[in-house]
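The values are calculated or read from the model by the stated rules, or taken from the named source; none is laboratory data. Just so we're clear, the structure is a prediction, and the values are computed from it rather than from any experiment. Quick reminder, even Gly has a Cβ in these numbers, built from the backbone with ideal geometry, and neighbours come from all protein chains shown.
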């Protein structure tokens, strides 16, 4: 089984694309958590989100699909921790990692859906930089995804296709 994690700043098309790729996928637990508990987050909330995401990922992995798309994982939660609180708890860096990360650029319009924080250009750019920093810190393979919506989907499909070809 291979896993691909969609990673990057808010409102860059990760969730929409996860549903369009045609593979089994695990939704972002943090969105569900924030919708139920609000967006006034403390570090304990981020740690709970990380564990909730891990539980959802494990449940989906137990089904053993050949490829599983993760809408997010704990490396993105680590970027949130750094952005919101200026630190990353070690625990966030120790969760299992995906086989490939698709890093989405913040080069499409931001949309406020009630759970998003960083719509202003400076904050969005900083958050995108922190998202990439977490991938680099974790030394995981990633492919940059950008451009318009069609380009994003094409690039994601190409990257996944290359990952699947490596399984031989």
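What number of residues within segment 66-85 are closer than 24 Å to residue 153 by Cα, part of a helix (DSSP H, G or I) and out of contact with any helix residue (DSSP H, G or I) (no Cβ under 6 Å at 6 or more places or on another chain)?
1
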Open item on the list: Looking at segment 15-61 only, could you name the residues that are assigned to a loop (DSSP other than H, G, I, E, B) and over 19 Å from residue 153 (Cβ atoms)?
Closed with: 38, 39, 40, 41, 42
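For segment 138-153, what are the residues that are exposed (fewer than 15 other Cβ atoms within 10 Å of the Cβ) and in contact (Cβ under 8 Å) with a residue 12 or more places away in the chain?
The first filter runs over segment 138-153 and keeps only residues exposed (fewer than 15 other Cβ atoms within 10 Å of the Cβ), leaving 139, 141, 144, 147-151.
Listed by number, the residues that qualify are 141, 144, 147, 148, 149.
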- [ ] Go through segment 92-122 residue by residue and tally those that are surrounded by 15 or more Cβ atoms within 10 Å (Cβ to Cβ), in a helix (DSSP H, G or I) and at pLDDT below 85.
- [x] 0
TODO: Report the residue count in segment 139-164 for those that are closer than 15 Å to residue 2 by Cα and not in a helix (DSSP H, G or I).
DONE: 3
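Sort through 6, 46 and tell me the only one that's in contact with a helix residue (DSSP H, G or I) (Cβ under 7 Å, 6 or more places away or on another chain) and under 19 Å from residue 87 (Cβ atoms).
On the way: 6 fails: under 19 Å from residue 87 (Cβ atoms).
Checking each option against the conditions leaves just 46.
Listed here are the residues, each with its yes/no results for (1) without any contact (Cβ under 8 Å) to a residue 12 or more places away in the chain; (2) buried (at least 16 other Cβ atoms within 10 Å of the Cβ); (3) touching a strand residue (DSSP E or B) at 6+ places or on another chain (Cβ under 6 Å).
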{"site": "3", "(1), (2), (3)": "no, yes, yes"}
{"site": "8", "(1), (2), (3)": "no, yes, yes"}
{"site": "15", "(1), (2), (3)": "no, yes, no"}
{"site": "41", "(1), (2), (3)": "no, yes, no"}
{"site": "58", "(1), (2), (3)": "yes, no, no"}
{"site": "76", "(1), (2), (3)": "no, yes, yes"}
Task: residue 89, sole failed condition from (1) closer than 30 Å to residue 158 by Cβ; (2) modelled with pLDDT of 90 or more; (3) touching a helix residue (DSSP H, G or I) at 6+ places or on another chain (Cβ under 7 Å) - done: (1)
Open item on the list: For the list (1) at pLDDT below 95; (2) farther than 16 Å from residue 71 by Cα, I need the number of the one condition that residue 12 fails.
Closed with: (2)
Open item on the list: Which of the numbered conditions does residue 37 fail, given that it passes all the others? Conditions: (1) surrounded by fewer than 16 Cβ atoms within 10 Å (Cβ to Cβ); (2) in contact with a strand residue (DSSP E or B) (Cβ under 9 Å, 6 or more places away or on another chain); (3) at pLDDT below 95.
Closed with: (2)
